[in-house]
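Reviewing the structure listed below.
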Amino acid sequence: MSAILDNFWSLLALKILLITGVMMTVSLVIIFAELKISAHMQSRVGPYFAGGRYGWAQPLADGLKFIQKEDLVPADADRPVFKFAPMVVLAGTLAVFVIVPFSPDLVVRNLDLGVFYALAAGSIGTVGVLMAGWSSANKYSLMGGLRAAAQLIAYELPLVLAVVGVVIQAGTMSMVGIVEAQAAPVFHLGDTAISLPYIFQGQFIGFIIFMIAALAELNRTPFDMPIAESELVMGYLTEYSGIRFTMFFLGEYAGIFAMSAIASTLFLGGYYFPGLDSATFGPLVLMGKVGLLVFLIIWLRWTLPRLREDQLQSFAWKWLIPLALVNIAVTATFKVVF
Amino acid sequence: MATRSVPGLGIVKGMRLTLKTLFTKTSTIHYPLEKEVPVPRARGVIALDADACTVCMLCARECPDWCIYIEGHKEMQPPSKEGGRPRSRATLDRFDLDYALCMYCGICVEVCPFDALFWSPEYEYSEMNITSMLHDQERLGVWLETVPDPPALES
Amino acid sequence: MTTADRQTLSMHHSEVQVSVELQTPDMTLNLGPQHPSTHGVLRLVARVDGEVIKELEPVVGYMHRGYEKLAEVRTYPQITALVNRIDWVSGFANEIPFMVATERLMDIEVPERAQYIRLILTEMARISNHLVFLSSLPLELGAATPLMHALRERERVLDLIEGVTGGRFHPNFNRIGGVKPAAAAGATQKKVVQDLPQGFVEQTKSAMEYVREVCADMVNLVLGNEIFMQRTKGVGVIPADKALAFGVSGPNLRASGVPFDLRKTDDYLPYSNFDFDVVTGSNGDCFDRYAVRLEEVVQASRIVDQAVSEIPAGDLQAKVPRIIKVPKGEIYVRAENPKGEMGYYIVSEGGRGPYRLKIRTASFSNLSVLSWLLKGQLVPDLIAILGSLDFVLGDVDR
């Protein structure tokens, strides 16, 4: 057993398998949550019969159905690019999980530049989207892909800038380090040391900016213009079917989980919860915080209409980026002064 | 009209509404498990009282999409009185109604002068094969049991 | 420099044409006939530059069912069953102008109770039509939840219509001379007079409460939403003069600020007995078109409330001959349908069916504004404008 764990490559394979398994499960759970929550928000019941109770097996059944479908490639499509695109999307999202700390030890790799890595890996998915849009030989797909690219450029900046505030405050870019910094007591109330997550330590604006930008990164309503089913049919997904569509689908929901995990690590204290042992309860605490954020994302989607592409751009450039810059300046000032 | 107020207030109001709906009872009827009770006047399926039909063909003629097929023949009845003239009576051989064509306008029910056709609110007669949507005399007769009494009227 | 200026310039100096922008070839985008937001089978051939529409041509006729021709070989009672399928979202309202036209040609006085029942059901059809609109425009803008909320309450209205007429979408309840009567001669117990069923007044009043409630919900969920305002305010503005020039009618016209409502000006139904407002907008943009219809639902519910409490007793049908033959003559009767002005021009040669029937539908005339309106708009705005015009392809193509 230890021989397997000691060997770098076998350990790596084990970790990859584990992450993939966890990610698939989590995606299915989020898909189910979305089906159910959206249904009840519309006074429907949603999935009901699959799996016997509450329709819990609906996402699995959907997945099985998708896998059985024919894997269509349009005649004019750029075949290799078309086929490769969903893998890029899925791999990009998967790669983010490398640095998500579930507890002080339960992390695939505690990189020193964890935050930087997460943001870089997270934006790979958009390349996949652009590939899908371009190679589909479909005008709607092309427009969807280009919208996605424009959106990435506009929203990657506020996303990064929002995180800079946290990095300044924590003084480290390692994800574990940021959580530990939030676990450190801020002040003492009598004998008890009070520690606060960064959202309560002046990074509230940063959190809001991060969440808005994350929604745009994930192409979720109100920023789902690349898909925009009423305008562009299904955007870059129009020509996809079968297993490749499933990969996009899983990638989207895994992306929601990844972004929520990063946001809760950076702003909500990650696996740390006062009074609970991080080593044992860490994963549960993180899952709880992620669950809250995922609910928020689903809730927003089923309430709001979508913006227009140019409105989204002006929102990013005129409001979010200046606000994020001010946030950085203020945070840096406080860090230096106090 | 909504006036300009705190930015984001409209979004918050909408989100409050969806959250409220999330925790209220759903209005779904689980169809195969529980069934909606149709109103007595609902135009579900047409029932035929074959005994009352006199093969007058009015329904078949008035039907806007000609989905009723009727065939009949004359039968000689014994005279009602001893020594009288034998009477001829039209007998129904075939009464088919093609529900694949029917547009549920109810004109046939209305024009029938002898009360042979009725509306029934039954609705569960979908078929996998379109030719099975042609209901013959017996099938239409079965629906007759489901015809409800007319509803009470508003005074 | 505007595009037109540049074009005239390049016409005069064709050799020394200076392009200030990067010339990119335009793309022809063919929206529909199969597209999620064309309400059926409308086809729009757009020449787009990126997302900007340079030129747009609507192509209609994919759902032409030939009602006008069909009417020439059908009898008047049969046509009643056909016309409520023209605009299936507000089936009952389609029957009214046809009935009134026929009755005027035959010189029949419709009993008051029948007129009131017609009016109540027409307003209910208006409510159900507008609820569909109120939910479908947000859906086109990406919000799916208002759809379910509005359709939930519409179901109550449809149930009421079904309770009276027997049909949810296609009531076929009007008869020449009144509403659905006792059956033909020899009626026995099962085909009694189709008067309002018991409990109708009470259920209607509670349903109208629910309708007003969902309208308040729509204000919170849609109308007051900042993103919705961003998407609709100032988008797709139809000025009053343009609206009149294109023959736009109904709520679309009133949103442009023209207080024209056939319910107030014509007397095809006793609307003058009731107190209601003609709702008008001011800007004629998508937001106004939404707000006008939202307020119209409230007004329609007011009319229904008044009508069910004041409904007179009496006959449901005037005396009409068994076989309906309309005397020779021509007539045009129009009515304020949920989607706008709907009219029937009947030419009768004295037969059992019309010699010629011309149907003027609101959706078709409202659509004529499209190619003017959509020039220079963005593709996302195209969807918002299409949604805000409230058309049904059955109503466009007949």
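The values are calculated or read from the model by the stated rules, or taken from the named source; none is laboratory data. For clarity, every value in this text was computed on a predicted model and none was experimentally measured. With ideal geometry, Cβ positions are generated from the backbone for all residues, glycine too; neighbour counts draw on all protein chains shown.
Taking the range A:1-120 as the region of interest, the helices (runs of 4 or more DSSP H) fully inside it that hold 2 or more residues being within 30 Å of B:Thr26 (Cα to Cα) and away from every other protein chain (no Cβ under 14 Å) are A:8-41, A:58-68.
The lone criterion from (1) at the interface with chain C (Cβ under 8 Å from one of its Cβ atoms); (2) within 20 Å of B:His135 (Cα to Cα) left unmet by B:Pro7 is number (2). Per this entry, C:Leu386 is counted among residues that are crowded, with 24+ Cβ neighbours inside 10 Å, within 30 Å of C:His35 (Cβ to Cβ) and of a type in the set (A, V, I, L, M). Those helices (runs of 4 or more DSSP H) of the range A:231-336 in which at least 2 residues are more than 14 Å from every other protein chain (Cβ to nearest Cβ), surrounded by 20 or more Cβ atoms within 10 Å (Cβ to Cβ) and in contact with a Gly (Cβ under 9 Å, 6 or more places away or on another chain), considering only elements entirely within it, cover A:242-267, A:278-301.
Out of all the residues in the range C:305-325, which are among the aliphatic types (A, V, I, L, M) and within 19 Å of C:Pro111 (Cα to Cα)? Residues satisfying the conditions are C:Ala307, C:Val308, C:Ile311, C:Ala313, C:Leu316, C:Ala318, C:Val320, C:Ile324. Can we say C:Glu295 is surrounded by fewer than 23 Cβ atoms within 10 Å (Cβ to Cβ), within 20 Å of C:Asn252 (Cα to Cα) and over 14 Å from the mean Cα position of the chain (by Cα)? Taking the combined requirement at face value, the residue satisfies it.
For the criterion of being touching a Lys or Arg at 6+ places or on another chain (Cβ under 8 Å) and aromatic (Phe, Trp, Tyr), A:Phe210 fails. Within the range C:140-151, one or more residues are farther than 20 Å from A:Leu300 by Cβ and either free of Cβ contacts under 8 Å to residues at least 24 places away in the same chain or among the basic types (Lys, Arg) (or both). If the condition is being surrounded by fewer than 19 Cβ atoms within 10 Å (Cβ to Cβ) and in contact (Cβ under 8 Å) with a residue 40 or more places away in the chain, then the range A:99-119 contributes A:Pro104, A:Asp105, A:Leu106, A:Val108, A:Asn110, A:Leu111, A:Asp112, A:Leu113, A:Phe116, A:Leu119.
Consider the range C:252-270 and keep the residues that are in contact with a Gly (Cβ under 8 Å, 6 or more places away or on another chain) and part of a helix (DSSP H, G or I). The one that is surrounded by the fewest Cβ atoms within 10 Å (Cβ to Cβ) is C:Arg254.
Taking (1) in contact with a helix residue (DSSP H, G or I) (Cβ under 8 Å, 6 or more places away or on another chain); (2) surrounded by 15 or more Cβ atoms within 10 Å (Cβ to Cβ); (3) more than 11 Å from chain C (Cβ to nearest Cβ) in turn, B:Ala100 satisfies each apart from (2).
Only residues that are under 30 Å from C:Arg74 (Cα atoms) and either within 14 Å of chain C (Cβ to nearest Cβ) or free of Cβ contacts under 8 Å to residues at least 40 places away in the same chain (or both) were counted in the range B:87-96, giving 3.
Given the condition crowded, with 24+ Cβ neighbours inside 10 Å and in contact with a Phe, Trp or Tyr (Cβ under 6 Å, 6 or more places away or on another chain), answer yes or no: does some residue in the range C:143-152 qualify? Yes, the range C:143-152 contains a residue that is crowded, with 24+ Cβ neighbours inside 10 Å and in contact with a Phe, Trp or Tyr (Cβ under 6 Å, 6 or more places away or on another chain).
Is at least one residue of the range B:66-86 surrounded by 11 or more Cβ atoms within 10 Å (Cβ to Cβ), touching a residue at least 40 places away in the same chain (Cβ under 8 Å), farther than 21 Å from B:Val147 by Cα and within 21 Å of the chain's Cα centre (by Cα)? There is no residue in the range B:66-86 that is surrounded by 11 or more Cβ atoms within 10 Å (Cβ to Cβ), touching a residue at least 40 places away in the same chain (Cβ under 8 Å), farther than 21 Å from B:Val147 by Cα and within 21 Å of the chain's Cα centre (by Cα).
If a residue must be closer than 30 Å to C:Ile311 by Cβ, more than 9 Å from every other protein chain (Cβ to nearest Cβ) and in a helix (DSSP H, G or I), how many such residues does the range B:109-155 contain? Qualifying residue count for the region: 0.
Every residue in the range C:66-81 that is within 12 Å of chain B (Cβ to nearest Cβ) and either charged (D, E, K, R) or within 25 Å of C:Ser136 (Cβ to Cβ) (or both), please.
Answer for the range C:66-81, where residues must be within 12 Å of chain B (Cβ to nearest Cβ) and either charged (D, E, K, R) or within 25 Å of C:Ser136 (Cβ to Cβ) (or both): C:Tyr67, C:Arg74.
Counting residues in the range C:310-317 that are surrounded by fewer than 24 Cβ atoms within 10 Å (Cβ to Cβ), of a type in the set (S, T, N, Q), over 25 Å from C:Leu294 (Cβ atoms) and within 14 Å of another protein chain (Cβ to nearest Cβ) gives one or more. Among the residues of the range C:165-217, those identified as among the hydroxyl-bearing types (Ser, Thr, Tyr) and either touching a Phe, Trp or Tyr at 6+ places or on another chain (Cβ under 6 Å) or at pLDDT below 85 (or both) are C:Thr165, C:Thr188.
Would you tally the residues in the range C:198-207 being among the hydrophobic types (A, V, I, L, M, F, W, C) and within 7 Å of chain B (Cβ to nearest Cβ)?
Going through the range C:198-207 one residue at a time, the tally reaches 2.
If you go through the range C:208-243 and keep only what is among the aliphatic types (A, V, I, L, M), within 11 Å of chain B (Cβ to nearest Cβ), surrounded by fewer than 20 Cβ atoms within 10 Å (Cβ to Cβ) and closer than 20 Å to C:Leu386 by Cα, you end up with just C:Met229.
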